[in-house]
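Since the structure comes first, as structure tokens, the remarks are kept for the end.
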Amino acid sequence: MGLYSGLVYPAVLVVAGALVVAAIVTLIVQRAHGILKAVVTAAWVVTAIQAIAVVGLLLTGNDAGIVLTVGYLLASVALVPLLGIGRLGAPPAPGEPVDPDRPVLRDDQIVRLDAIAALVIGVAIAAVAWRLAVILGAA
């Protein structure tokens with residue numbers, strides 16, 4: 001538990017905070033979208049490390065409730081793919097069939113959508129990490 005509470009949990013909180021700050025900056029200055037993409041990559045990495053740490057804790061005999069812990073762990077992993085959701089609004093590549101029912105967003109709309117998603121998911125990642133820390137710490 002010391003590894004999770006001393007290293008992994010603080011790292012998740014730092015990345016979640018950086019995600020929120022980068023999202024706000026990207027909403028204000030759209031040219032900061034590259035910075036947001038870098039923080040999103042960091043969120044992927046820290047979520048993978050968190051998942052490995054939690055599974056390791058559960059396999060080494062932590063008395064935490066398995067169902068609740070695995071549920072929150074799955075929630076944290078399921079949140080990360082929503083980062084960068086604006087790419088779904090990108091126009092199709094040349095040569096691909098055009099779907100008339102698929103919305104195509106402008107570049108500025110894609111940046112705003114990515115920033116808003118990152119803002120919401122940054123808060124959600126922090127909340128899920130906190131719940132995991134409480135569940136694992138209470139065991």
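Quick notes
- (i) 48, 30, 26; (ii) 53, 31, 18; (iii) 48, 35, 25, with the label sought being that of the calculated Cα extents along the principal axes in Å: (ii)
- Average accessible surface for the chain: 55 Å² per residue, computed with a 1.4 Å probe over protein heavy atoms with every protein chain in place.
- With K and R counted +1 and D and E -1, the other residues having a Cβ less than 15 Å from that of Arg87 yield a net charge of 0.
- Modelled spin-label separation between Arg131 and Leu74, with each label point placed 7 Å from Cα along the Cα-to-Cβ direction: 1.2 nm.
- Projecting the Cα positions of Leu132, Ala43, Ala32 onto the charge dipole of the chain (unit charges on Cβ atoms of Lys, Arg, Asp and Glu, taken about the Cα centre) puts Ala32 furthest along the positive direction.
- Helix-only CD estimate at 222 nm, as mean residue ellipticity for the chain, using -39500 (n - 2.57) per DSSP H run (n ≥ 4): -23500 deg cm²/dmol
- Taking Cβ atoms as reference points and 10 Å as the exclusive limit, the residues near Thr26 contribute a net charge of +2, counting Lys and Arg as +1 and Asp and Glu as -1.
- Dipole magnitude for the stretch 7-127: computed about the Cα centre from +1 point charges on Lys and Arg Cβ and -1 point charges on Asp and Glu Cβ, it is near 240 debye.
- Sorting the segments 123-130, 96-103, 84-91, 42-49 by their residues' average number of neighbouring beta-carbon atoms within 10 angstrom, most packed first, yields 123-130, 42-49, 84-91, 96-103.
- Spacing of the modelled spin labels on Ile116 and Arg31, each 7 Å from Cα toward Cβ, amounts to 2.5 nm.
- The stretch 36-139 - percent of accessible surface contributed by carbon and sulfur, probe 1.4 Å: 72
- Length available on full extension from Val98 to Leu82: 0.36 nm per residue minus the Cα-Cα distance, which gives 3.4 nm.
The values are calculated or read from the model by the stated rules, or taken from the named source; none is laboratory data. Please read these numbers as outputs of a predicted model, since none were measured by experiment. Virtual Cβ from ideal backbone geometry, glycine too; neighbours counted across all protein chains shown. Just so you know, the surface numbers come from the protein's heavy atoms only, side chains and all, with ligands and any DNA or RNA stripped out. Shrake-Rupley method; radii C 1.70, N 1.55, O 1.52, S 1.80 Å.
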